[in-house]
Amino acid sequence: MASLINCPHCGVRPREEFTIRGDAGPVRPAPDADFGAWDAYVHLRDNVRGPMAEHWQHSGGCRRWLVVERDTFTHEVFAVVDAADYTRVPVAKPARARKAANPAGRRGGA
Ligand SMILES: [Zn+2]
């Protein structure tokens, strides 16, 4: 059975018309934020099994960016809103804390 997404602009469309960008949760740091904040924003993502909010583009339709709230395990879609109208309220942030970024920006090893 094909997955269907209810685009707020185009109506119910097949999932194949959309491009998934990923987690809609991260908030862009201030331009003068430290390296750790930018490193976390650019590179660190949770691998959620369950409810999650993601950025999807209706690339085969209106080309608008949307936020799709869905269960990554069951593929059930809970809500679809235009990204411009989305209020960042994490749908399902895991209880565990993210790894602390290395403020010196160094990788392991010598
Ligand atoms: Zn659309």
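Search the range 13-52 for residues being β-branched (Val, Ile, Thr) and either touching a residue at least 24 places away in the same chain (Cβ under 8 Å) or surrounded by 14 or more Cβ atoms within 10 Å (Cβ to Cβ) (or both), and hand back the single one that is farthest from Ala79 (Cα to Cα). Restricting to residues being β-branched (Val, Ile, Thr) and either touching a residue at least 24 places away in the same chain (Cβ under 8 Å) or surrounded by 14 or more Cβ atoms within 10 Å (Cβ to Cβ) (or both), the top hit is Val27. Among strands (runs of 3 or more DSSP E) entirely within the range 1-47, having at least 1 residues that are among the small types (Gly, Ala, Ser) singles out 11-14, 19-23.
To keep it simple, each residue is scored yes or no on (1) at pLDDT 95 or above; (2) more than 15 Å from the ligand (Cβ to nearest atom).
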{"site": "Val12", "(1), (2)": "yes, no"}
{"site": "Glu17", "(1), (2)": "yes, no"}
{"site": "Gly25", "(1), (2)": "no, yes"}
{"site": "Phe35", "(1), (2)": "yes, yes"}
{"site": "Ala40", "(1), (2)": "no, yes"}
{"site": "Asp46", "(1), (2)": "no, yes"}
{"site": "Gly60", "(1), (2)": "yes, no"}
{"site": "Leu66", "(1), (2)": "yes, no"}
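With respect to the conditions (1) within 14 Å of the chain's Cα centre (by Cα); (2) at pLDDT 95 or above, Ala92 lacks only one, and its number is (2). Take the residues in the range 68-89 that are assigned to a loop (DSSP other than H, G, I, E, B) and over 16 Å from Leu4 (Cβ atoms), then tell me which one is modelled with the lowest pLDDT. The qualifying residue modelled with the lowest pLDDT is Val89. If the condition is being away from the ligand (no atom under 16 Å from the Cβ) and over 9 Å from Ala24 (Cβ atoms), then the range 68-80 contributes Arg70, Asp71, Thr72, Phe73, Thr74, His75, Glu76, Phe78. Scanning for something closer than 15 Å to Val68 by Cα and not β-branched (Val, Ile, Thr), does the range 32-46 turn up at least one residue? Taking every residue of the range 32-46 in turn, none turns out to be closer than 15 Å to Val68 by Cα and not β-branched (Val, Ile, Thr).
The values are calculated or read from the model by the stated rules, or taken from the named source; none is laboratory data. Quick caveat, the model's predicted, so the values are computed rather than measured. Don't worry about glycine lacking a Cβ; one is built from the backbone with ideal geometry, like all the others, and counts go over all protein chains shown.
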